[in-house]
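**Student:** This is the structure I have questions about; it appears just below.
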Amino acid sequence: MHLYERLPLYGTGLVLGVWLVALHAVMLAKPEPVQKFLKRFPRDKQIGQVLLAIGLLWFWLLVAKPGKGILHALAMDLGEFNPLKNYLRILVPLAIIGVGIAVKEFLAVRALGLLGLMAAAPLLDAAFLKDPQSRLLVPTYAFAMIIASLYFVGMPYLFRDAVTWATASQKRWQVLSASGLAYGVAVIGCALMFWKGY
């Protein structure tokens, strides 16, 4: 079994819920700095390079050779594509350097999309075939993240447009932030009440 398949729904739900609550609480408490950061984020090349390196390193760990130790803990069986792992281990570091240098526009948004796609897999595996119906809070969030991440990678200017829309009205910002906070509280509540033992 891969490490993702052994993730407990309870622990994963708590981590996701705490992340959502913390993120949206900051958005509610400090709207001006957060909005300022989000507006400059798409064209921040340094943040983009850091996020890209994290995402591609994560992917590199997935295609590592099976074995023992921390560098092999995430090694994933790719089935009939396993012979390609040797090439991927060489191509991924080259891709990190190449994309980091060549992509000038919206690198941070594209890299965020890559991270979103990588983060969706453990969320989906943690909730896969578990009994409580409330577990659907986790895959629902994961699928929303996948859809948003695909747009961030393919059409990154939509992130800028979404930030412009969300920050156009203070009331709209508060409603969006409060909705995310409520979703996080719901995930934590379900984890504490229904997901223990899963």
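The values are calculated or read from the model by the stated rules, or taken from the named source; none is laboratory data. Here the structure is a predicted model, which means the values were calculated and not measured. Quick reminder, even Gly has a Cβ in these numbers, built from the backbone with ideal geometry, and neighbours come from all protein chains shown.
**Student:** Tell me, please, whether a residue that is among the hydrophobic types (A, V, I, L, M, F, W, C), in contact (Cβ under 8 Å) with a residue 12 or more places away in the chain and farther than 20 Å from G113 by Cα can be found in the stretch 155-171.
**Tutor:** Looking through the stretch 155-171, none of the residues is among the hydrophobic types (A, V, I, L, M, F, W, C), in contact (Cβ under 8 Å) with a residue 12 or more places away in the chain and farther than 20 Å from G113 by Cα.
**Student:** Go through the stretch 178-198 residue by residue and tally those that are more than 19 Å from the chain's Cα centre (by Cα), surrounded by 14 or more Cβ atoms within 10 Å (Cβ to Cβ) and under 14 Å from V15 (Cβ atoms).
**Tutor:** Total satisfying the criteria: 3.
**Student:** Next question. Those residues that are within 26 Å of G11 (Cβ to Cβ), surrounded by fewer than 16 Cβ atoms within 10 Å (Cβ to Cβ) and either in contact with a Leu (Cβ under 8 Å, 6 or more places away or on another chain) or of a type in the set (V, I, T) (or both), I need them from the stretch 144-177; list them, please.
**Tutor:** I147
**Student:** Additional query: When the stretch 97-118 is examined, which residues are found to be touching a helix residue (DSSP H, G or I) at 6+ places or on another chain (Cβ under 7 Å), β-branched (V, I, T) and surrounded by fewer than 21 Cβ atoms within 10 Å (Cβ to Cβ)? Walk me through it before giving the result.
**Tutor:** Of all residues in the stretch 97-118, those touching a helix residue (DSSP H, G or I) at 6+ places or on another chain (Cβ under 7 Å) come to 99-100, 103, 106-118.
This time we only want the ones that are β-branched (V, I, T), so: 99, 103, 109.
Those that are touching a helix residue (DSSP H, G or I) at 6+ places or on another chain (Cβ under 7 Å), β-branched (V, I, T) and surrounded by fewer than 21 Cβ atoms within 10 Å (Cβ to Cβ): V99, V103.
**Student:** Restricting to the stretch 106-148, what's the tally of residues that are free of Cβ contacts under 8 Å to residues at least 40 places away in the same chain, touching a Phe, Trp or Tyr at 6+ places or on another chain (Cβ under 9 Å), aliphatic (A, V, I, L, M) and farther than 25 Å from I96 by Cα?
**Tutor:** Of the residues in that region, 1 qualify.
**Student:** Of these, L28, L20, which one is under 15 Å from A182 (Cα atoms), assigned to a helix (DSSP H, G or I), over 18 Å from the mean Cα position of the chain (by Cα) and at pLDDT 95 or above?
**Tutor:** Values: L20 fails: over 18 Å from the mean Cα position of the chain (by Cα).
Just a single option satisfies the conditions, and that option is L28.
**Student:** Let me ask something else about it. Quick one: in the stretch 30-76, which of the residues that are free of Cβ contacts under 8 Å to residues at least 60 places away in the same chain and among the basic types (K, R) is surrounded by the fewest Cβ atoms within 10 Å (Cβ to Cβ)?
**Tutor:** Of everything passing the filter in the stretch 30-76, K68 is surrounded by the fewest Cβ atoms within 10 Å (Cβ to Cβ).
So that you can scan it fast, the table gives a plain yes or no per residue for (1) acidic (D, E); (2) assigned to a loop (DSSP other than H, G, I, E, B); (3) modelled with pLDDT of 85 or more:
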position	(1), (2), (3)
P33	no, no, yes
K39	no, no, yes
P42	no, no, yes
I47	no, no, yes
L52	no, no, yes
G55	no, no, yes
W60	no, no, yes
L71	no, no, no
L74	no, yes, yes
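**Student:** Output yes when any residue across the stretch 1-14 is hydrophobic (A, V, I, L, M, F, W, C), in contact (Cβ under 8 Å) with a residue 12 or more places away in the chain and under 30 Å from T164 (Cα atoms), and no when none is.
**Tutor:** No - not one qualifying residue is present in the stretch 1-14.
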